[in-house]
Structure formats: structure tokens, C-alpha cells
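Reviewing the structure listed below.
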Amino acid sequence: MANVFAFAETRGGELRKAGLEAVTAARQLADATGGGEVHAMVAGAPGVGGVAQKLAEVGADVVLVVEHPALARYDAETLTRTVAERVKSGGYRAAVFSATAQGKELAPRVAARLGAPLAADATSVSAEGGAIVVKHPMYTGKVIGTLSIAASPALVSVRLGAITPAPNAKAGRVEAVQAVGDPAQSKARVVELREGSKGKVDLGEAPVIVSGGRGLKAAENFKLVEDLADAFGNAAVGATRAVTDEGWRPHSEQIGQTGRVVSPQLYVAVGISGAIQHLAGMRTAKTIVAINKDKDAPIFKIADYGIVGDVFDVVPALTQAVRAAKQ
Ligand code: FAD
């Protein structure tokens, strides 16, 4: 019976949804490999350990708390050393990270330090015959690869939104862990953070995303997309590369191969053709609704619901209907 490690991301002392998803995936792996413990690590400024209870609720038996004033901001060097040391000394069967911007930096660094295999961007995790089995999209999502990892520890990063946190209460015993090395001495330090979408729902964590494409014709017409997102209440706004290249929306909102990869519960594609590079960023959304005036647009091939029509007619009507349904 082997234990499984998870790195739970926090931001400003708050647990990110990605952190809950990583711990949920670790719980699934621990249960699939014989019911071992899940040890979830959080790192941050003093006080970050306050999130322990939330991690216990989704299956953490132990919460490893790394507190240091210099860890108030993400520090790749210190976290790599600290996580690698713990994964090595803990003898874990697997270590789970989030496939976020942070996780995409941290997990490969830890893998390199340990000489361990890393299966990146997993959409599901399980075990078979002692091996860790991971499914992940490949070739911009055209195929789903299945990886079977016999080596231990197996490192896995999970795609945002792909694993749904489920209640599975465990003890969540808190254990303080010392940062390895002095975070204040790190060669690279984050000196400033600029929030791209302050006050708005984060694209990676939003359960609903309303995305606009060139079919909207001009930057000011994104008001239609914003209004629909507002009507949902918990939605973020996304865009295609055609749109960000035009400067209609910031690059931080771009979804796709060279933008963000998202897996919301609902993705509404407004005036988007469905180029393969765009699909690479959103095809794992649970439900896809497409609005396009061209009935042959490729987006309809992957859409669960398609509306053939003009966005300038359909979107205001949809916004009204969503608002009415919410009253
Ligand atoms: P278009 O392809 O021009 O589609 C506009 C759609 O709007 C059409 O289907 C049209 O029928 C519809 N339309 C027009 N008017 C209306 C109307 N009034 N009502 C309803 N529908 C209407 N793209 C990304 O999105 N993300 C990426 O990360 C990305 N990375 C790339 C990387 C590389 C290396 C390359 C080469 C390309 C990449 N692209 C990416 C670009 C991609 O190939 C497409 O060009 C882009 O996705 C198209 O954006 P679009 O759907 O907004 O525009």
C-alpha cells in the first residue's frame, strides 16, 4: 500500500480550485493502488496552513505545510527543492501536480531532479496491474493517449477542470515542513504580479466560458460576449487567436494551442470557426455550445449543441433567456 503526494496550489494564501483537483486526483490514485494515504503539500506565507481543512475534505490524510515569508509569491527554485526532497524521502508511489502555468514549471523541474517520469496534462488517472494509468490529449487534442507508468514515483500533472473535486473527508493531520534552502536567496524572484483579469472570474477556474471569434467583427461587439458571461454570473470571457491578433482582446484571454487550455463545464463559442488550434484549448469542455452562421463550420463537429444563426441576433436572445432563467 503506497502513499500518494499532491502539490496543492494556493494564491495569496487562498487555495486554488486547481489544488482541490490535484488532491482529488491523488485520492483517486491512492484508492486505485490499494488505499494508501494522500499527503498534500501547500506552500506560502505564514498562515497558508489555514487551508488544511479544505484539503482534508477532498481526501488529504496529511497536509504538509511549508510556511516562509519569502514564499508569499511562487518561487520555483525553493519549491522544486522542497517538493523533490519530500517526494524522494516520502517513498510515494505517485506525485500529482496541476497543469497550470505554475505546475507546468514545477512538475518538470521536480521530475528532472528525481529522474522520474512525468505524464503531463492528464484528463483522468487510474491504476492497472500496479501501473499508474493516465489519459491525456495529444496532437492538439486529436487523439487521447493512454500512458501506463510502472516506475515509481510516477509524476502526473492534471488538466484544470478535468477532475471534479468530490467530498471524501479524511483526517488532514497537519505536519510542518521546512523549506529546503533559503527562499530569500533564490536566483530568480517574482518582483511583480499584474492581474490580467482583476475582479473577474479566472479563465482556468471558470465553470462557464463564453468565447468570441472573428465573427463578432469588431472589438466593441465583445459587449455581447461580456453580457452573456455576466448573465451566467460565474463565467469568464475567452477569445480566439484571430481576435487577440487583431488586438480586440488581451492575449491572456486566448484559448488554444498557443493560449490557455481550459475544461469548463460549459463552453459557448460565439462566431468561432473551430480551427484545430482553437479546439486544442477547449475540446475537453464538458458541454460545448456553438453559434455560427455557417452550418458547415468545423466547430459544429465537436459541439453538443449548435445554433446556426447570426451572433447579433442569437446572442442577445440567449442572454435574455439566461437572465430570465436565473430570476
Ligand atoms: P475565423 O476562422 O475567421 O472564423 C470566424 C467564424 O465566424 C466563421 O466560422 C464565420 O462563419 C463566423 N461568422 C462570421 N460572421 C458571423 C455572424 N455574424 N454570426 C455568426 N457567425 C459568424 N487560434 C486560436 O484560437 N487559438 C490558438 O491558440 C491558436 N494558435 C495557433 C497556432 C498556430 C501555429 C497557428 C498557425 C494558428 C493558430 N491559431 C490559433 C489560429 C487558428 O488557426 C485560426 O486562424 C483561428 O482560431 C480562427 O479564429 P476565428 O474562429 O475567430 O476566426
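Observations on the structure shown:
- Once backbone amide H atoms are built at 1.01 Å from N, Ser157 has Phe97, Ala119, Ala120, Asp121, Ala122 as its partners under 5 Å, excluding neighbours fewer than 5 places away on the same chain.
- Remark on Ala127: its backbone amide H falls under 5 Å from those of Val133, a criterion applied only to residues 5 or more positions apart or on other chains, H modelled at 1.01 Å from N.
- Summing Cβ point charges (Lys, Arg +1; Asp, Glu -1) relative to the Cα centre of the chain gives a dipole of roughly 320 debye.
- Projecting the Cα positions of Phe222, His39, Val201 onto the charge dipole of the chain (unit charges on Cβ atoms of Lys, Arg, Asp and Glu, taken about the Cα centre) puts His39 furthest along the positive direction.
- MRE, 222 nm, helices only [DSSP H, n ≥ 4, -39500 (n - 2.57), over the chain, to nearest 500]: -8500 deg cm²/dmol
- Rg and Dmax [Cα atoms of the chain; Å; Rg one decimal, Dmax integer]: 20.7, 60
- ³J(HN,Hα) computed for each position of the range 206-212 - Karplus, 6.51 cos²θ - 1.76 cosθ + 1.60, integer Hz, glycine/proline x: 5, x, 10, 10, 10, 10, x
- Cα-based Rg and Dmax for the range 124-184, where Dmax is the largest Cα-Cα distance (Å): 16.5, 44
- Angle between the chain longest axis and helix 76-90 axis [Cα atoms, degrees, rounded to 10]: 50 degrees
- Distance in nm between pseudo-label sites at Lys223 and Tyr139 (7 Å out along the Cβ direction from Cα): 4.5 nm
- Nearby aspartates and glutamates by direct alpha-carbon distance to Lys54 (threshold 18 angstrom, same-chain neighbours under 8 apart not counted): Glu9, Glu14, Glu21, Glu37, Glu67, Glu175, Glu205
- Of interest is the spacing of the C-alpha centroids, which for the range 188-249 and the range 1-23 amounts to 26 Å.
- Calculated P(r) tail over 24 Å for the range 51-161, as whole % of Cα pairs: 26 percent
- Between helix 101-114 and the chain: long-axis angle, C-alpha atoms, 0 to 90°, nearest 10: 30 degrees
- Using alpha-carbon coordinates, inclination of helix 311-326 to the longest axis of the chain, degrees: 60 degrees
- Computed lengthening from Ala188 to Asp313, 0.36 nm per intervening residue step minus Cα-Cα distance: 39.9 nm
- Based on every Cα atom in the range 229-327, Rg and the maximum pairwise Cα distance Dmax equal 13.1, 38 Å.
- Counting only DSSP beta bridges whose two residues both lie in the chain, roughly 25 percent are antiparallel.
- Around the amide H of Met41, modelled in the peptide plane, lie the amide H atoms of Ala6, Phe7, Ala8, Leu64, all under 5 Å away and 5 or more residues distant in sequence or on another chain.
- A 1.4 Å probe over all protein chains sorts Leu224, Leu147, Leu64 by accessible area into Leu147, Leu224, Leu64, starting with the largest.
The values are calculated or read from the model by the stated rules, or taken from the named source; none is laboratory data. Keep in mind that this is a model prediction, so the values were computed, not measured. Glycine also receives a Cβ, built like all others from the backbone with ideal geometry; neighbour counts cover every protein chain displayed. Each accessible area value is taken on the protein alone, full model and side chains, heavy atoms only, with ligands, DNA and RNA left out. Shrake-Rupley method; radii C 1.70, N 1.55, O 1.52, S 1.80 Å.
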